[in-house]
Amino acid sequence: MIKIFSLFLLTSILAFAGEKMTIPPYVALSGFIIIVGLFFWGVYKAVKTQKTIYALAMLPFVLLLAGMFFI
């Protein structure tokens, strides 16, 4: 499931690269809340259970940080 989502996300980024897109404020705010929530949930579960699989919940946050340098 994550591979399919990652492929979809990567394809979207490459398809719209270079085009001027306007993102509505409610979409940006919703995405920000979801990403921050997943980040803190991933940190909490990873520390609590000592399983690295929960660290994947931090992936959207890391991708967002990396994306800020290229947008």
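Among the residues of the stretch 30-71, just one is of a type in the set (Val, Ile, Thr), more than 22 Å from Leu7 (Cβ to Cβ), open to solvent by less than 70 Å² (accessible area, probe 1.4 Å) and within 12 Å of the chain's Cα centre (by Cα), namely Val36. Among residues that are surrounded by 12 or more Cβ atoms within 10 Å (Cβ to Cβ), at pLDDT 75 or above and part of a helix (DSSP H, G or I), Tyr26 is not included.
The values are calculated or read from the model by the stated rules, or taken from the named source; none is laboratory data. In this text, all values refer to a predicted model and were calculated from it rather than measured experimentally. With ideal geometry, Cβ positions are generated from the backbone for all residues, glycine too; neighbour counts draw on all protein chains shown. Surface areas here come from the heavy atoms of the whole protein model, side chains and all, with no ligands, DNA or RNA. Shrake-Rupley method; radii C 1.70, N 1.55, O 1.52, S 1.80 Å.
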